[in-house]
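The values are calculated or read from the model by the stated rules, or taken from the named source; none is laboratory data. Because the structure is a prediction, the values reported are computed rather than measured. Glycine gets a Cβ as well: all are built from the backbone with ideal geometry, and neighbour counts include every protein chain shown. What goes into the accessible areas is simple: the full protein's heavy atoms, side chains included, and nothing from ligands, DNA or RNA. Shrake-Rupley method; radii C 1.70, N 1.55, O 1.52, S 1.80 Å.
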Amino acid sequence: MYSTIKEKLYYLLVARNNNINYEYSTYKRLNSEKHSKFPCLSIYKLFRLNLHYRIFRCKKHLYYERKTRLPYLDGSESEAFKRQNVMHFAKGLLQYDVISFDIFDTLILRPFANPTDLFLLIGHALEIPAFYQIRINAEKKVRQEKFEKTGNYEITISDIYKVIERRTGISADKGIQTELEYEKRYCFANPYMKRVYDMLVELGKKIIITSDMYIPGEQMKEILTSCGYTNYEKLYVSCDYGTSKRSGGLYEIVKSDYEGKTIVHVGDNYESDINSAKDCGLDTRFYRNCHEIGNKYRSEGMSEIIGSAYAGIINTHLHNGDKTYSPYYEYGFIYGGLYILGYCHWIHEKCKKEGIEKVLFLARDGAIYQKVFNMLYDDVPNEYVLWSRIANAKYSLEYDKNDFLRKVVLYRSLNKNALMTAGEILNSAGLQKLIPLLSDFNISSDELITIENEQIFEEFILENWNSVLEVFKIQKESCKEYLKKIIGSAKSIAIVDVGWQGSGPLGLKNLIKHEFCMDFNIRCFIAGFRTNNVTDNLYMLSTGELEPYMFSRNFNQSLYMSHKNTNKGLNNIFFEMFTQNLSPSFSGWDNRNNFNFDFPEIESYSYIKKIHAGVFDFCKYYQKKFMKDLFLLNISGHDAYSSFKFILKDLRLIKKLFGNLPYSRGIGFDNMKLKDLIAGVGL
């Protein structure tokens with residue numbers, strides 16, 4: 001009778017009011033030990049909550065405001081919650097005769113931020129658009145009816161689908177079969193708890209499994225087996241016994257079956273796995289829910305199913321407790337993986353739809369794109385192409401003189417933090433032979449080029465334009481031979497880059513078009529478009545010759561404006577941290593057909609390697625988990641950018657991770673520390 005009254009009171013005083021439920025659950029989660037030792041304090045807080053929300057009908061939160069989410073800012077997120085070492089956790093269980101484990105979120109994990117999000121996929125499989133809410137409402141209805149008739153909430157999956165059958169016309173058998181199929185498809189062994197479990201099995205310990213669940217034991221065994229859990233003595237599922245862990249009834253049955261034995265129970269729900277077990281005289285071990293730890297650090301504003309899958313992959317990987325990771329690995333895994341995965345899938349879809357025969361991934365950002373692309377797919381040939389802003393400016397200058405002048409002269413004069421002399425600019429661009437001619441324009445080789453004298457220096461280059469063309473003539477032939485070899489027999493190609501104005505892909509397209517004089521179909525794809533000049537490449541965007549994945553001025557414009565107008569124009573730099581490569585920037589060819597490179601940023605390579613490892617692991621795990629529902633790889637540009645946009649809420653992590661790394665804003669040897677760049681614009 002006590003358990004029935006207790007459950008009824010909990011429903012009336014807590015569960016029926018969302019605000020009370022949120023605040024009371026938050027209090028218990030944050031003060032679990034206090035809640036257990038001082039129940040009178042919990043009752044007092046519950047009384048105040050009911051007075052606040054029900055009697056006075058206040059809207060302001062009494063104890064816990066729903067805070068705006070922020071990224072984890074204190075180092076490695078995988079260390080945000082300190083779990084006990086696996087070996088120590090297992091060792092602490094050896095003293096007991098019987099070890100009981102909870103199932104979901106303890107032995108078994110799902111790759112979704114909320115367990116009910118699985119219903120979205122089941123609804124897709126059953127072709128019932130409103131299935132998610134129908135499924136939730138059906139379970140709620142059946143539980144309430146069962147409680148009113150019997151005084152307990154223990155139902156079966158069959159009970160639920162009888163209501164759904166009546167509501168939708170889908171047979172109960174088909175619904176049950178589909179849900180169980182999806183549970184087996186998406187449930188996987190918790191790496192931390194699987195190691196604990198296997199150690200105990202190896203040592204011959206008696207293991208039982210105890211769960212509050214509507215899936216009967218026979219079907220639950222199949223799910224456990226699919227996750228590698230087989231060597232247990234007995235399975236206790238609440239729907240089979242008509243009583244639950246929360247009420248204490250299921251623990252009493254366990255105690256009766258193992259009378260005289262010492263028993264410990266391991267679980268993630270403090271109410272049903274810890275407090276109720278203790279009330280029945282069992283010892284307990286609390287395993288905090290991965291999603292409860294990680295969800296508060298996840299991005300907001302994503303579409304429901306992609307957002308849940310994204311958060312589910314991260315939470316279960318970083319917070320299961322099996323391993324910890326470096327903050328650089330996590331930067332790639334959390335904030336870059338989804339975008340690169342989505343971009344690569346988007347490129348592949350474009351290739352298949354448009355009959356593209358080969359993809360050219362431009363250096364240096366293209367290295368990680370290509371690695372992920374080839375991990376996902378093997379049916380579209382591709383090449384990594386040595387290319388850069390300076391190479392594009394050099395070898396496309398006949399078709400875009402303005403681009404050469406902007407990048408070699410104008411951008412240098414605007415960058416007050418990294419001004420260069422006339423001699424340094426000509427030298428970095430490979431135009432050393434023009435240095436003696438500077439005196440004709442009264443320019444000294446050691447004179448800094450600023451916005452004040454930029455036009456004079458530009459006129460000097462224009463006056464000597466034929467000499468500029470002559471310098472790069474031999475090199476351009478090397479470039480043509482290199483590209484011919486890479487393109488091979490393909491007649492339809494896609495050129496892929498990170499962004500931002502598309503000058504790299506478009507410059508390469510123009511070079512191929514004019515120099516090869518062949519009937520090529522060339523598409524130019526970039527992750528995002530961003531420019532200060534509102535008319536730059538407007539025609540290319542409008543015709544689709546330049547196509548962005550995430551945003552441009554005429555596509556996902558709110559993202560474009562956010563990216564362009566926040567953090568004083570530095571978002572491009574922060575974004576490119578995901579795709580820097582372990583090689584120096586390519587600067588072109590010499591007159592002997594040799595490759596030339598800028599100085600290597602060696603101090604960055606160890607960090608870049610870890611970021612790429614994080615990106616690649618996210619893509620690998622996401623693809624592995626959702627390989628049977630590949631539509632979950634259709635990640636919109638909005639969702640892809642949301643994972644990055646989230647970290648822009650607070651730049652402390654970016655400053656901490658990358659403040660001392662060199663970054664080149666222009667062309668050539670003009671690296672500066674990122675922290676100085678950030679400080680220079682007042683961030």
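Out of the residues in the range 231-258 meeting the condition of being in a loop (DSSP other than H, G, I, E, B) and either modelled with pLDDT of 95 or more or at positive phi (or both), tell me which one is least open to solvent (accessible area, probe 1.4 Å).
Out of the qualifying residues, it is Gly248.
Out of all the residues in the range 510-532, which are open to solvent by less than 70 Å² (accessible area, probe 1.4 Å) and within 31 Å of the chain's Cα centre (by Cα)?
Ile522, Arg523, Cys524, Phe525, Ile526, Ala527, Gly528, Phe529, Arg530, Thr531
Of the residues Lys655, Lys645, which is without any contact (Cβ under 8 Å) to a residue 40 or more places away in the chain and outside any loop (DSSP other than H, G, I, E, B)?
Lys655
Mind checking which pairs have a first residue in the range 532-543 that is modelled with pLDDT under 75 and a second that is open to solvent by 70 Å² or more (accessible area, probe 1.4 Å) and not aliphatic (A, V, I, L, M), Cβ under 9 Å, 6 or more apart or different chains?
If the second residue must be open to solvent by 70 Å² or more (accessible area, probe 1.4 Å) and not aliphatic (A, V, I, L, M), no pairs are left.
Output the qualifying pairs, or none if there are none: Cβ atoms under 9 angstrom, residues six or more apart or on different chains, first residue in the range 484-499 and farther than 20 Å from Asn572 by Cα, second residue surrounded by fewer than 17 Cβ atoms within 10 Å (Cβ to Cβ) and among the small types (Gly, Ala, Ser).
So the pair list comes out as Ser492/Gly355.
Does Asn137 fit the bill of being open to solvent by less than 40 Å² (accessible area, probe 1.4 Å) and either of a type in the set (S, T, N, Q) or without any contact (Cβ under 8 Å) to a residue 60 or more places away in the chain (or both)?
no
If you go through the range 345-360 one residue at a time, do you hit one that is among the aromatic types (Phe, Trp, Tyr), open to solvent by less than 40 Å² (accessible area, probe 1.4 Å) and not in a strand (DSSP E or B)?
Looking for residues that are among the aromatic types (Phe, Trp, Tyr), open to solvent by less than 40 Å² (accessible area, probe 1.4 Å) and not in a strand (DSSP E or B), one finds none in the range 345-360, hence no.
Do you know which of the residues in the range 50-101 that are assigned to a helix (DSSP H, G or I) and modelled with pLDDT under 90 is nearest to Tyr270 (Cα to Cα)?
Filtering first and then ranking leaves Asn50.
Taking the range 267-320, which residues are free of Cβ contacts under 8 Å to residues at least 60 places away in the same chain and out of contact with any Gly (no Cβ under 8 Å at 6 or more places or on another chain)?
Answer for the range 267-320, where residues must be free of Cβ contacts under 8 Å to residues at least 60 places away in the same chain and out of contact with any Gly (no Cβ under 8 Å at 6 or more places or on another chain): just Gly281.
Criterion first (at pLDDT 95 or above and either open to solvent by less than 10 Å² (accessible area, probe 1.4 Å) or more than 34 Å from the chain's Cα centre (by Cα) (or both)) does Glu154 satisfy it?
Criteria not met by Glu154.
Conditions tested, residue by residue: (1) hydrophobic (A, V, I, L, M, F, W, C); (2) closer than 20 Å to Asn402 by Cβ.
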{"residue": "Ala490", "(1), (2)": "yes, no"}
{"residue": "His514", "(1), (2)": "no, yes"}
{"residue": "Asn521", "(1), (2)": "no, no"}
{"residue": "Phe525", "(1), (2)": "yes, no"}
{"residue": "Asn533", "(1), (2)": "no, yes"}
{"residue": "Ser542", "(1), (2)": "no, yes"}
{"residue": "Glu545", "(1), (2)": "no, yes"}
{"residue": "Ser558", "(1), (2)": "no, no"}
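Does Ile449 satisfy being over 41 Å from the mean Cα position of the chain (by Cα), surrounded by 20 or more Cβ atoms within 10 Å (Cβ to Cβ) and either closer than 24 Å to Ile474 by Cβ or not aromatic (Phe, Trp, Tyr) (or both)?
Against the criterion (over 41 Å from the mean Cα position of the chain (by Cα), surrounded by 20 or more Cβ atoms within 10 Å (Cβ to Cβ) and either closer than 24 Å to Ile474 by Cβ or not aromatic (Phe, Trp, Tyr) (or both)), Ile449 qualifies.
Consider Tyr197 against the criteria (1) modelled with pLDDT of 95 or more; (2) aromatic (Phe, Trp, Tyr); (3) out of contact with any strand residue (DSSP E or B) (no Cβ under 9 Å at 6 or more places or on another chain): it satisfies all of them except one. Which criterion is unmet?
(3)
The conditions are (1) surrounded by fewer than 23 Cβ atoms within 10 Å (Cβ to Cβ); (2) part of a helix (DSSP H, G or I); (3) under 23 Å from the mean Cα position of the chain (by Cα), and Gly342 fails exactly one of them. Which is it?
It is condition (1) that Gly342 fails.
Determine, yes or no, whether Arg185 is touching a Leu at 6+ places or on another chain (Cβ under 9 Å), assigned to a helix (DSSP H, G or I) and of a type in the set (D, E, K, R).
yes
Kindly provide the set of residues from the range 614-650 that are surrounded by fewer than 17 Cβ atoms within 10 Å (Cβ to Cβ) and either hydrophobic (A, V, I, L, M, F, W, C) or at positive phi (or both), ordered by number.
Within the range 614-650, Met627, Leu630, Phe631 qualify.
Given the options Ala640, Ala613, name the one that is among the small types (Gly, Ala, Ser) and under 11 Å from the mean Cα position of the chain (by Cα).
Ala640
Here's a check for you: in the range 377-387, which residue that is open to solvent by less than 50 Å² (accessible area, probe 1.4 Å) and touching a Leu at 6+ places or on another chain (Cβ under 8 Å) is farthest from Gly588 (Cα to Cα)?
Among residues in the range 377-387 that are open to solvent by less than 50 Å² (accessible area, probe 1.4 Å) and touching a Leu at 6+ places or on another chain (Cβ under 8 Å), the one farthest from Gly588 (Cα to Cα) is Asn382.
Hey, among the residues in the range 480-509 that are of a type in the set (Gly, Ala, Ser) and assigned to a helix (DSSP H, G or I), which one's surrounded by the fewest Cβ atoms within 10 Å (Cβ to Cβ)?
Ser503
Which pairs turn up if I take residues in the range 335-349 that are without any contact (Cβ under 8 Å) to a residue 24 or more places away in the chain and look for partners that are open to solvent by 10 Å² or more (accessible area, probe 1.4 Å) with beta carbon separation below 6 Å, at least 6 apart in sequence or on another chain?
Partner pairs satisfying both residue conditions: none exist.
Find the residue count for the range 189-215, including only residues that are out of contact with any Lys or Arg (no Cβ under 6 Å at 6 or more places or on another chain), assigned to a loop (DSSP other than H, G, I, E, B) and not hydroxyl-bearing (Ser, Thr, Tyr).
Of the residues in that region, 6 qualify.
Looking for whichever is assigned to a helix (DSSP H, G or I) and either under 46 Å from the mean Cα position of the chain (by Cα) or exposed (fewer than 14 other Cβ atoms within 10 Å of the Cβ) (or both) here; the options are Leu397, Leu405. Which one fits?
Leu405
Which of the residues that make up the range 169-205 are of a type in the set (S, T, N, Q) and surrounded by fewer than 17 Cβ atoms within 10 Å (Cβ to Cβ)?
Selection gives Ser171, Gln177.
Table: residues versus (1) open to solvent by 60 Å² or more (accessible area, probe 1.4 Å); (2) farther than 30 Å from Ile647 by Cα; (3) small (Gly, Ala, Ser); (4) in contact (Cβ under 8 Å) with a residue 24 or more places away in the chain.
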site	(1), (2), (3), (4)
Lys564	no, no, no, yes
Asn567	no, no, no, yes
Tyr605	no, no, no, no
Lys610	yes, no, no, yes
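Any idea how many residues of the range 466-479 are in contact (Cβ under 8 Å) with a residue 12 or more places away in the chain, open to solvent by 30 Å² or more (accessible area, probe 1.4 Å), more than 30 Å from Thr535 (Cβ to Cβ) and not hydroxyl-bearing (Ser, Thr, Tyr)?
Adding up the residues that qualify gives 1.
Could you tell me which of the residues Gly588, Gly528 is part of a loop (DSSP other than H, G, I, E, B), in contact (Cβ under 8 Å) with a residue 60 or more places away in the chain and of a type outside the set (Phe, Trp, Tyr)?
One residue alone meets the criteria, Gly528.
Can you tell me which residue is farthest from Arg389 (Cα to Cα) among those in the range 609-664 that are at pLDDT 90 or above and among the aliphatic types (A, V, I, L, M)?
Met627
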